[in-house]
Amino acid sequence: VDKHRLRIFDSASGQSVSEHVLDTARATALSWTRFDASAQKPTADQTKSKKKRKSDAAQAAPTAAAEAVVVLGLSDGSLLIYSPAHGRVLRTLTHPTSTAAITALDASRDALGALTIWSAGADSEIRTWDAQTGAHRANHKTEDRIAPSALRVRPGGCDDESASEHILLAHHRLRLISTPIDLPKLKDVASFTGHASNITTALWQPPASSGSTPKHFATIAEADRHVQVWAVPETGSTEGTLVSSLPLDSDARSLTCSPSQYVAVSSSGRVSVFDGKPPKKKAKIAVSA
């Protein structure tokens, strides 16, 4: 009875369709992605020129064989890639240097379709993992030595010149960094100040047009009654902007967003739906339940 259990529910029927019991460690982070366990990892001789990489970018989307999976970060520093469709763990990702609890994670796919798992640990280390082989790629300690409580890869934010990803790292402070998957250095792109407590969720707002890079993201934090909406600064500036503070009736517990809306659940159980366009004045709740 003291073991952690993952349950997957069908949102239409409300029924549990899959579950997995963790025998020893506890689940400390979770993320959904798509993964093709049968795909072959690109070999070294498949390295492409910059022009070729750009032309292949359209092929980076998951193939038809890719299925929805849950990536679980555990208290012992390992990660599991779990398939609800098959009801089993497809990959277990471990490394001798990764023993601290996983505090946040996300996934990204490069121009060749290879899936990389990004994780942050209680030891303040950022790590990258090859989802196809389960191998640990690299690790790097954050400069402020504080364990990130949220991590989010910017969709379409890869820098073609250096093949670097843009990553949001958050605790009570937010940083947008640029780094290759081998993590030789974390380069600051922008910083954002506005939360007094640890950030629990950071989400990029999907752009209205497909293929575009998100310009805004939203965050919620512990003991905070607001959804904060931020704008990434234009080139040449490193200070991000707080463009909106969306009020809730009590502390924020959960957040999701679409190109047109932000939806937040507060500790009282109230669901608040906001216009996704950053308002100029104090936001009004559009729908509540």
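The values are calculated or read from the model by the stated rules, or taken from the named source; none is laboratory data. Computed from a prediction, not measured in an experiment: that's the story for all the values here. FYI the Cβ positions are ideal-geometry reconstructions off the backbone, even for glycines, and counts take in every protein chain you see. With ligands, DNA and RNA removed, areas are computed over all heavy atoms of the protein, side chains included. Shrake-Rupley method; radii C 1.70, N 1.55, O 1.52, S 1.80 Å.
Based on Cα contacts under 8 Å between residues 6+ apart, the chain shows a relative contact order of 9 percent. Dimensions of segment 148-267 along the principal axes, based on C-alpha atoms and rounded to the nearest Å, stand at 45, 30, 24, largest first. Residues 143, 67, ordered by accessible area of protein heavy atoms at a 1.4 angstrom probe radius and largest first, appear as 143, 67.
Pick out, in residue order, every one of the trypsin sites (Lys or Arg not before Pro) in segment 134-199 that is DSSP loop and has at most 14 other C-beta atoms within 10 Å; say none if there are none.
145, 185
Where the accessible area of segment 129-173 is counted over protein heavy atoms with a 1.4 Å probe, how much of it, in %, is carbon and sulfur? The nonpolar share, carbon plus sulfur, comes to 47 percent.
Magnitude of the charge dipole for segment 127-218, about its Cα centre and with charges confined to Cβ atoms of Lys, Arg (+1) and Asp, Glu (-1), is about 320 debye.
Amide H contacts of residue 150 (H built 1.01 Å from N, in plane; Pro and chain starts excluded): 170 sit under 5 Å, all sequence-distant by 5 or more or on other chains. Sorting 181, 220 by accessible area puts them as 181, 220; the probe is 1.4 Å, largest comes first, and only protein heavy atoms count.
Working note: Cα gyration tensor of the chain, eigenvalues times five, square-rooted, sorted largest first, giving semi-axes of 28, 25, 20 Å. Entry note: segment 57-194 has Rg to Rh equal to 0.96, where both radii use alpha-carbon atoms and Rh is the Kirkwood radius. Protein heavy-atom accessible surface, 1.4 Å probe, per residue over the chain: 51 Å². For the chain, a crude dipole built from +1 on the beta carbon of Lys and Arg and -1 on the beta carbon of Asp and Glu, taken about the Cα centre, is about 540 debye to the nearest 20.
Projecting the Cα positions of 193, 22, 138 onto the charge dipole of the chain (unit charges on Cβ atoms of Lys, Arg, Asp and Glu, taken about the Cα centre) puts 193 furthest along the positive direction. Relative contact order of segment 132-269: 17 percent, from C-alpha pairs under 8 Å at least 6 residues apart in sequence.
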